[in-house]
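*Asks:* Handing you this structure, nothing more for now.
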Amino acid sequence: MRRILVIEDEPEMRRNLQTMLRLEGFEVLIASNGRAGLAVALAEIPDLILCDVMMPVMDGHEVLRALRDVPATMNIPFVFLTAKGERGDLRSGMNLGADDYLTKPVAREDLLEAVNARFKRQDQLDQREFRPDFTSAEPLLSLGLTPRVAEVLLWVAQGKTNADIATILGISESTVKKHLLDIFVHLGVETRSAATLRALEVLSSTVRRKG
């Protein structure tokens, strides 16, 4: 049974998320603030973390930074819970290494889609034995890409849509599409999946060299 940690300071939201996930067969761990959530994450090593951005004691960004600095938790899929209008917080969080985000209040369908997508992606990485390092786009420059185009590929490799990438990088969707075409040309591929595979190979080989 997969375990999901929910870090959320609003009691009603926390209970709703816990109930929805339990009904789907997940084991759910809960924490009412960032510091408590970090402690639970380090002690229990959950399979996925859902974390609010704005919280007392320790906010979501601080939690994510702390988790990404610890080898045991650095690769745990991390999904931010954001209130409407927190666009700047969203961009900062994604740049810190969050895997996805959900806008509160969270609908059941959106929650399960995000959770299952992260688990599916994690399973695919495990099957291919990829251990990519998504902390920097610099290794992708070796593919002949410009720094900005490499950034776009970094987020494509993490399963982000054009709209997501536009928000994260603060550019228009049309610019993202243009950069994506540049990626296809430079890599000699025709699909997003093929570009992702090439990026994962480069980012994983970088990890192996470091190790």
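*Asks:* What tally of residues in region 65-78 results from selecting those that are touching a residue at least 60 places away in the same chain (Cβ under 8 Å) and closer than 21 Å to THR103 by Cβ?
*Replies:* Total satisfying the criteria: 0.
*Asks:* What is the number of the single condition among (1) under 19 Å from the mean Cα position of the chain (by Cα); (2) modelled with pLDDT of 95 or more that ARG65 does not meet?
*Replies:* Failed condition: (2).
*Asks:* Exactly one condition in (1) at pLDDT 90 or above; (2) under 16 Å from the mean Cα position of the chain (by Cα); (3) of a type outside the set (A, V, I, L, M, F, W, C); (4) more than 21 Å from PRO11 (Cβ to Cβ) is not met by TYR101; state its number.
*Replies:* Of (1) at pLDDT 90 or above; (2) under 16 Å from the mean Cα position of the chain (by Cα); (3) of a type outside the set (A, V, I, L, M, F, W, C); (4) more than 21 Å from PRO11 (Cβ to Cβ), only one is false for TYR101: (1).
*Asks:* Please report, ordered by residue number, the helices (runs of 4 or more DSSP H) entirely within region 1-117 with at least 1 residues that are surrounded by fewer than 18 Cβ atoms within 10 Å (Cβ to Cβ) and among the small types (Gly, Ala, Ser).
*Replies:* Those helices (runs of 4 or more DSSP H) span 34-44, 60-68, 87-96.
*Asks:* May I ask you to list pairs of residues, at least six apart or on different chains, whose Cβ atoms are under 7 Å apart, with the first in region 46-64 being under 7 Å from GLY34 (Cβ atoms) and the second being of a type in the set (Asp, Glu)?
*Replies:* Between residues of region 46-64 that are under 7 Å from GLY34 (Cβ atoms) and residues that are of a type in the set (Asp, Glu), the close pairs are MET55/ASP9; GLY60/ASP52.
*Asks:* So the check is Cβ under 7 Å with 6+ separation or different chains; which pairs have a first residue in region 167-192 that's within 15 Å of LEU154 (Cα to Cα) and a second one that's in a helix (DSSP H, G or I) and among the acidic types (Asp, Glu)?
*Replies:* From region 167-192, the pairs are LEU169/GLU151.
*Asks:* Which condition does ILE171 not pass, out of (1) within 17 Å of the chain's Cα centre (by Cα); (2) outside any helix (DSSP H, G or I), if it passes all the others?
*Replies:* Unmet for ILE171, out of (1) within 17 Å of the chain's Cα centre (by Cα); (2) outside any helix (DSSP H, G or I): (1).
*Asks:* Related question: Would a scan of region 158-167 turn up a residue that is within 23 Å of THR73 (Cα to Cα) and either touching a Leu at 6+ places or on another chain (Cβ under 8 Å) or modelled with pLDDT of 90 or more (or both)? Write out each step before concluding.
*Replies:* Filtering region 158-167 down to residues within 23 Å of THR73 (Cα to Cα) leaves 158-160.
This time we only want the ones that are either touching a Leu at 6+ places or on another chain (Cβ under 8 Å) or modelled with pLDDT of 90 or more (or both), so: none.
The answer is no; no qualifying residue exists.
*Asks:* If you take the residues in region 1-28 that are among the aliphatic types (A, V, I, L, M) and more than 14 Å from ILE76 (Cβ to Cβ), which one is modelled with the lowest pLDDT?
*Replies:* Among those that are among the aliphatic types (A, V, I, L, M) and more than 14 Å from ILE76 (Cβ to Cβ), it is MET1.
*Asks:* A further question on this structure: From the list ALA31, ALA36, which residue is in contact with a Gly (Cβ under 8 Å, 6 or more places away or on another chain), at pLDDT 95 or above and more than 29 Å from VAL156 (Cβ to Cβ)?
*Replies:* None of the other options fit; the residue is ALA31.
*Asks:* Can you give me the number of residues within region 175-196 that are in a helix (DSSP H, G or I) and at positive phi?
*Replies:* Of the residues in region 175-196, 0 are in a helix (DSSP H, G or I) and at positive phi.
The values are calculated or read from the model by the stated rules, or taken from the named source; none is laboratory data. Please read these numbers as outputs of a predicted model, since none were measured by experiment. Note: ideal-geometry Cβ built from the backbone for every residue, glycine included; neighbour counts use all protein chains shown.
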